[in-house]
Every structure is written in structure tokens, then in C-alpha cells.
Amino acid sequence: MERINDYLLVRDVSLVSDICNEDKLLEYFKLRYQNDVIYSNIGDILISINPYMIINGDDYLRDVTIPHVYNLSKRIYNEMISTSCDQCCIISGESGAGKTEVCKYLVKHVTQFSGSRNNLELRILQMNPLLEGFGNAQTTMNNNSSRFGKYLQLKFNGMGKVTGAKINEYLLEKSRVVYQNPGERNFHVFYWMLEGLDTILKINLNIHDKCIFRYLGGKTTTCGDEKEKFKELRDCLDLVGFKEEEQEDIFLLIGSILHIGNINIDENDSDQSIITQSHSIDIASRLLGLESDTFIQLLTISMSTARGEIIRKHNNKIKSEAIRDSISKTLYDRLFRWIVNQINQLLAPTLEDVAWGCDIGILDIFGFEDFHRNSFEQLCINLANEQLHNFFIQHIFHIELSQYNEEGVNGADIVVQDTQPLLDCFFLGSKSVFHLLDDQGSVPRATDANFLHKLNERMKKESFYTPSKSISSGTFTITHFAGKVLYSVNGFLEKNMDTLPPGVKKCFENSTNELVSLLFRATINRTGTLALHKTTATRKSTGKRRVSNARRGRSTNTPTISSQFKSSLSVLVTKMSSAVPHFIRCLKPNKLKKPHLFDDEFVKRQLWYTGMMSTIQIRKEGFAYRPTFQEFHERFGSLCYCDASDISLVNVCQLILCESGITNAEYQIGYSKLFLRHYHLDKLERKMKEHHLAASRLQSVAISFIQRRRYKKVLQAMKQDKAAIKKLMADAKNNCSKVERRLERLTNQDEKRHLDDQRESLIIQQLSFLLPKLPPPADIRELPPPLLLDSDDEEEEEKIESLRKKSSRLKMDDTMFVKVELKRPHQQSRMLRSSVSSSHSWLHGMISQKKAEEMLKPHQHGTFLVRINRKKFSHILSYKSKIKDSINHLSISQLPNSKYVLSGETNPHNSIDNLVEYHYQVPIQSSNDLLVLPCPEDCDETENEVKIKISGSAHAIV
């Protein structure tokens, strides 16, 4: 019972004293798995066991010491902030071990607590489900197996905010488009599309319920949720920023691939291929923007160049079927790369953010595979896993052990198996396997059997290579780090050369379908990335090389699949080596993909080939944290108050460790570095956190004291100013009294003069017949024009003009009040109103949050209004929630494709009208409230009466 408690409570395997062999380690993981504890630590390495069910993760958010992908993501982020260095996380394990799900949780948590702008966090989170639809498929080992590798780079600015993302994709298994092993399926998007397409698109694609497609195995096996999955896929495309036209083009090309697969090819008596029915080829040609006759000619006739002459030759059935499938694979592969390219453009950070920021890279790559039939794709996948395992060994063991020797430190004495010779044999130099594969591909009439014969000759001395007993079997065996795998060479040359017959690419470049033309005009660079451009650059080559490539059916500037794979893998390792690596090891508990089932032998094999025991040993005996003296002092120097100029830097570091409670026996000092245990770093970070909290308290006290003293000075100055103002007002009052008395005297004098003027005018009237006629005296006391109201409305201007005419006829003594109906502020923002099709009672314009809450408070639950944010010029939905009668405010953001999405939601809408109508029926996710009733306008407020008082020579707007 005591051991059981230790296994459940001790979260770090390296701290459990009685784990000394793989059986004890297996017991530790099994006990935790049976209690739904799927995460464990080996030092700073996270171990995850796939539960095949959803487990609540709220406890992990409250306790940062519990092993979990959330806490690892927080550690990675904090280390990036504190060191200003790029970070990377390598997620590895067998197919079906849960790598993709772990990657989702990692990305979600990092983007959530780092913060973003313009819904960038939500858009980044949609990348994984979007790429799953186009790049994942069901295999015998995993229902959602990644059939490509991806390295996701999250971009951060100097403030630690996520500013963008970039995806690097590797080695899509495009052969799956045309063929799947028994018990497996094609890529998810084919099945989702067939079930979820609307009627109009189905008619355009000529797809109906009774359609049977060869590329789907002659059946469309469904899991029951394809329609919902397709809706989620469309939402992901909307949220990331794909336009409606782009989405339709994507599904048109996928539909055309299905129809290409249904083209029936037969042979005539002369062994020449013929198209037996034109229905499928007519549909595919229409969707691809080609002429049917041209497409038929591409399939049935091959053209080659010899001595400057073009030779036309009729294909047989096998050759035509190979061309058909090659077109389908190439089309899907380029479409997938284009989607990745578009995502990178839509989520790219600004140049300023790139210049001042860091990256967190997350590698989610296909797991180790061993099927009943393994081909070229499985070889590349397993070599990629071999490279990642070697990177792990190099970082955890070789680099650490070499630093012990260089720094004169007594570290762990561990011997680990090195996999570098196997990798060198496949990748390095002119005698490598991949170089041999490329050479054989360029030889005319070379076969897979020829390649296998040369491979046996070259590899016969290698211990990890086992040739087959019979050359006719066409197989060989490689002993990988995870065990022996039998490979079949059938199709190796064709898959590596990635052939397209001459003329096919040119024909598709001239397609009337803009996307098809763009895809085939693009070039593939040495790492397999699609380089898009509008113009086609033609390259000339010499005769002999040109003839050989024409015979093989490939262009001179297209790299082979093996060379693309080798280059991209090299670039990937370089990226990871330039960053601080973190590791997540995923384990698969059973082969049946069922929860609460732990297969001891199956898990034990994974523990063996991943080197878990050696990892535990080096974490127990070794020093995982190895900073230089200067790096350590810069990071933790504030924990010890001492002058580094008086004593050496080594002594300063020792004082810091002593102040932190780390004794001399727990660490070692090298020539230029400190060697600390992995748990020392956590302890020092906790001390730094306490130190920062104490410093914050001191700062708050000091700032309070300074502000209080400053406040007293300001208060005293205010009192003095108040006294001075009071004296000034008293003096002004006295002066006013004097002025009033003087004005009274002047008024009396004016009245007397007025009587004299009346007498004079009377005399003039009486004598007017004797004087010439004079113009009437001008009134020098004309009224100034009234203040203009800021409005561009014609009706408003008419009211103002009529008001001006009336005021010009008034006498100076008259007083007049005019009622003017003012426009609401939102009527001055016509751009923001463009998203609303017509005037609605729920649209209240530019009102404050406080005003919106006052208007909504007396009404029932579900009452709502839409207002405009004055600062950001964006819409905000305010509504009364049934939760504690609170008033909630959710921003409405506009996506790059001009659609609208509510904060916290994943459903985009074409307009705000549609968004409001949608939530009349579907509750808001954050509070589970329905919109029920638009908020009525405040009658007192809507009148907006303005009294314009015209008195004397002054006009006032009240």
C-alpha cells in the first residue's frame, strides 16, 4: 500500500527510489494509468499515455506542480520570456499514441495565456483541425493518423504576445489518394465532403447518393458524424480566412479527383488503351478546366523527344492507369501544399513583430509504423522517427556526457545505443541508400528488382540490414531503434521519382480553372515546399540529359521525393538545434484503441526502445541544468545582494545557491559552468517568484508613500488656489457692483437722449416733405449666424437652414426655443452600418457600456442590443444573462474574408443580421443564453431636444 501511494503521489519517476528496472517502471505507469493519471515526469521530460477518452484538466490548471501538457507549455513560455531564446517541443511516439491531441492542448494553452489580437488565437487554433481533414486518415493502428509531418512555429513579439504562426509540412502520403491497405481509409475530407456538401455543390460536382468511387475502395464507409465534421471544416476555413470562392475551388478539385479515379481504361486488340465510357472524364475535364479530348490524349498517348523529334506512342492499359493515378496524386499533393501556403500567408506576423520576437516550435510528426505491408512511405516515416530519436539521444545523453568530460565534472556513467550509423547509411554521401535510389531512377528501364540487387550488394556488411533469402520476394529488413521492419521494394522507383509524363504539366498549366493553373505553374523546391508564381520560367537543358529525363517522364528541375525528404529533415534538425528543446514522449497502452486497457508487453516494448531506464538514470545521477556562470548570475543574481566586483563570479553563484537553500553536495562546479539537478531550476524559479512578489510589495509601499506626499503638496496648492480664487471672486463682485451702478447712470442718460431723439424724429416727419428721400438706417446690431450642427444629412441641413432664416427675422429682444431632432452618433459611421441590411431596433449606435447596462437592467433575460465601440469602431453585443442577472458584453469581430464571428464562438456569419438570427435559435456558448427580445430605445434619450436660445448678440446651444 505504501508503494502504491508513492507511485500515485510522486510525480517524477526519477525521484522514486525503488524503480531500478523496466518491470518496476512498467508497474509505476500501469498503476497511474488505472487511476486515470496519464501524465508523469522523468525530470524535465513529460510522459503521456493515451487514455482513449476525455479527462478533465481543471485540476492541472490550479496546481502547476502536477505533470501535464498545460504546465509544460507554461514552462516553455516562461523560459522563452526569461531567456529571450527560441524554444521547441518535440512530441514523439508510435502511431496512435496521442501525439496530435497533445499538440492541440499545447497550442491552445500557449495561445490562451500569452494573449493575442484580432482573434488571432482563435484562428491559430483552427489550423490543426483544418489540416487534420486534409492530411489525416484512418489506419489499422489509429483512427486519426497523421499522414504528414508538421512543424508549427508560434511567433511572439517582444511583449510576449502571439503575433502569428507558420507551418512547415513534410512528406504527405499522397499514394493514399489512389490506394489504401485493407481496413484503412482515404483522407478524411473525401468522406466528410460527400456527406456534408450542400445540394448546389453536389449538382455542380455531379455527385449523388448512389455514387461509388474507386479511390474510396468502391464504398463510402461512414462513421455517422461526417456531416458535422464537414461543417466544422467549413467553419475552420472561414475562421482562418479562406474566401468562399477559394473554398468552392478546393472542393471542386477534390470532387474532380474522385471522378478521375472513376475513369475506366481498357485495351483494344492492339494492346492500346482506350476509354470505355466518357461520363467520368467529361465531368473531370469540366471541373479541371480542360477539354475532354485533350484529357483523353494525355491518358492514352505518351510523347517523348529523340534527336529533336517528338515521338508519339500509344500506351497500354497499365501505363494509362499509372498516368491517371499520378495525375490524381500530384493534384492532391499540390492542393494540400497550397492550403498550407495560404494558411501561412493569412497568419503571418508583421515585419516589426518578426524582428523583435521569438518562436515556440512544436513538432507533431507521424509515429513509428510497422504494417503488414510496408513500402517507401513507411521507410521515410520510420527514418524520420529514427532521426528524432537520435536527436533525443544526442541532447539528453551525448551532449550532457560530453560536457561532463569537458568541464571536469563527475557525472552519470551511462552507455546508450547510437543510431547515427543507420542514418548516415541512408542519407550521407554518394554511397547512401537514397543516392542509390536516385541514380537508379535516372537509368532507363531500371526496375525495383535492379535496385534491390544493388542495395543488397551495398548493405551486406551493415549489422542493421538483413536481405531477403530470395531476391524474387522483393523485400529487405531494417532493424530500427523500435524493432525490425520488413519492407517491400515494389514501387520504390516510381514513388521516389514522382513522375508526370511530358506534356501533362504543360496542359494543366493552361487550364481555364485559375487554381489548377496556379498549382501546376508552381515549382517544388528542394525541401518540398510549393513556390507559387504567375509566370512560367522555361529552362533549357542539354540533349542527353533531356532525353533520359523524358524517358523517365520527369522534368530536370524537379527534385526526387527522397532528396526532398532528406533536405527537409536536415532543415528541421537545424531549426530544433538552434532552439532550446523540450520533449514529450507519448505511449500507446494497447493495440485495440480502447480505454482502461493496459497491455504490459506492448508498453514494455515501447519503454525499452525509447530508452526510458537510461533516461531515468541520467536524470537521477546527471545534471540537466548547465548554465555558464554569467548566464546564471544574469538570471538569478537578484536572489543574493552582493557586489560582483569585489568577489569572483563563481563565488557570487555559490552565494546565490546558498541563499536559495541548495547545498554544495547537491551541485558541481565546472571550469565555466554550473551543473545543477533538474529540480534545482524549479526551486530557483520559485525563489525568484517570491523575490518578485516581495519586490512588488516594497514598490507598492514606496510608490504609495511618494504619491501621498505628492498628494499633500497638490492639496496644499489647491487650498491656496481656492483662497486666491475666492478673493478674486470677491473683488470681481465688488467691481461688478460698481459697473452696474455706472451702467444704471448711463441707462438713465440714454433714456433722456431717447426722448430727445423721439422729438427730433417727430420734427423730421413733419418736415419730411421738405427733405430728399433717404434709405432706411441699417441695423448695426445684426445677429451672428447660429452654430452649425455637425451632420451630413439633407433633412438635417434643411432644418438648420430654416432655423437660420427664422433667427435672422428676430429682433434683439425676442427669445425663441426651437426643438431640433438630432441624429444618433452611429449614423455618422456609415461603414460600420454596412454589415446590417436594414434598420433594426436592436442597433443602438455609439452608446457607452454604462448606458447599455442601464438600458438592459430593467428588462427580462435575453434582452439585447448591438452597439458600436467608440474607440475601436467595432460592434459589441450586449445582453442580459440569466446568470446572476448580469449584463454581458461580447465583441463581434470581422474576419479577413468579411464574415463576422462572436467572441468565444467558432461559427462565422455572413452579416450581423445572420449572427443575431442564429442566436435566436442557438444559445451563446459562454453563458448558454438565447437572444429573446431587442432592447427598446430610451424615449427621453431619443428625443434629443436641443433648445437654441437667441438673446441679444449671443447664441447658445443647451
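Some points to look at:
- Any hit, the stretch 123-133, residues being in contact (Cβ under 8 Å) with a residue 24 or more places away in the chain, buried (at least 17 other Cβ atoms within 10 Å of the Cβ) and in contact with a Gly (Cβ under 9 Å, 6 or more places away or on another chain): yes
- Taking the stretch 497-534 as the range and being in contact with a helix residue (DSSP H, G or I) (Cβ under 9 Å, 6 or more places away or on another chain), among the polar types (S, T, N, Q) and at pLDDT below 90 as the test, the residues that pass are T499, N525, T527, T529.
- Some residue of the stretch 228-251 being crowded, with 19+ Cβ neighbours inside 10 Å, more than 30 Å from N119 (Cβ to Cβ) and in contact (Cβ under 8 Å) with a residue 24 or more places away in the chain: no
- Sole exception among (1) on the phi > 0 side of the Ramachandran plot; (2) surrounded by fewer than 23 Cβ atoms within 10 Å (Cβ to Cβ); (3) not in a loop (DSSP other than H, G, I, E, B) for S92, by number: (1)
- For the criterion of being out of contact with any Phe, Trp or Tyr (no Cβ under 9 Å at 6 or more places or on another chain) and at pLDDT below 90, S114 fails.
- Residues of the stretch 264-318 that turn out to be out of contact with any strand residue (DSSP E or B) (no Cβ under 8 Å at 6 or more places or on another chain), assigned to a loop (DSSP other than H, G, I, E, B) and buried (at least 17 other Cβ atoms within 10 Å of the Cβ), as a count: 2
- Hits in the stretch 904-918 (condition: assigned to a loop (DSSP other than H, G, I, E, B) and either free of Cβ contacts under 8 Å to residues at least 40 places away in the same chain or closer than 14 Å to V240 by Cα (or both)): G904, E905, T906, N907, P908, N910
- For the stretch 364-383, taking the residues that are among the acidic types (D, E) and open to solvent by less than 10 Å² (accessible area, probe 1.4 Å), the one that is nearest to S84 (Cα to Cα) is identified as D364.
- Failed condition for I207, given (1) open to solvent by less than 50 Å² (accessible area, probe 1.4 Å); (2) in a helix (DSSP H, G or I): (2)
- Per the listing D418, D439, the residue uniquely open to solvent by 20 Å² or more (accessible area, probe 1.4 Å), free of Cβ contacts under 8 Å to residues at least 60 places away in the same chain and not in a helix (DSSP H, G or I) is D418.
- L388 in contact with a Ser or Thr (Cβ under 6 Å, 6 or more places away or on another chain), open to solvent by less than 30 Å² (accessible area, probe 1.4 Å) and within 16 Å of I561 (Cβ to Cβ): no
- Going through (1) modelled with pLDDT of 90 or more; (2) open to solvent by 30 Å² or more (accessible area, probe 1.4 Å); (3) not β-branched (V, I, T) one by one, F29 falls short only on (2).
- Residue match in the stretch 580-588 (condition: over 18 Å from I365 (Cα atoms) and part of a strand (DSSP E or B)): yes
- Scanning the stretch 601-636 for residues that are in a loop (DSSP other than H, G, I, E, B) and among the aromatic types (F, W, Y) yields a count of 1.
- Pair list, Cβ under 7 Å, 6 or more apart: the stretch 291-311 residue more than 16 Å from A322 (Cβ to Cβ), other residue at pLDDT 85 or above and open to solvent by 50 Å² or more (accessible area, probe 1.4 Å): S292/D282
- Any hit, the stretch 155-163, residues being in contact with a Gly (Cβ under 8 Å, 6 or more places away or on another chain), part of a helix (DSSP H, G or I) and surrounded by fewer than 22 Cβ atoms within 10 Å (Cβ to Cβ): no
- Note on the stretch 32-58: residues that are assigned to a helix (DSSP H, G or I) and modelled with pLDDT of 80 or more amount to 3.
- Only a single criterion out of (1) within 29 Å of S114 (Cβ to Cβ); (2) part of a helix (DSSP H, G or I); (3) open to solvent by less than 10 Å² (accessible area, probe 1.4 Å) is not satisfied by G361, namely (2).
- Yes/no for S145 being closer than 30 Å to K210 by Cβ, among the polar types (S, T, N, Q) and surrounded by fewer than 19 Cβ atoms within 10 Å (Cβ to Cβ): no
- Residue count for the stretch 95-119, restricted to those that are open to solvent by 50 Å² or more (accessible area, probe 1.4 Å), touching a residue at least 60 places away in the same chain (Cβ under 8 Å) and part of a helix (DSSP H, G or I): 0
- Residue within the stretch 232-239 that is farther than 18 Å from G135 by Cβ and among the basic types (K, R) present: no
The values are calculated or read from the model by the stated rules, or taken from the named source; none is laboratory data. Only a predicted model underlies this, so the values are computations on that prediction, with no experimental measurement involved. Here Cβ is always computed from backbone atoms with ideal geometry, including for glycine, and neighbour counts include all displayed protein chains. Ligands, DNA and RNA are stripped out before the accessible areas are found, and what is left, the full protein with its side chains, is counted by its heavy atoms. Shrake-Rupley method; radii C 1.70, N 1.55, O 1.52, S 1.80 Å.
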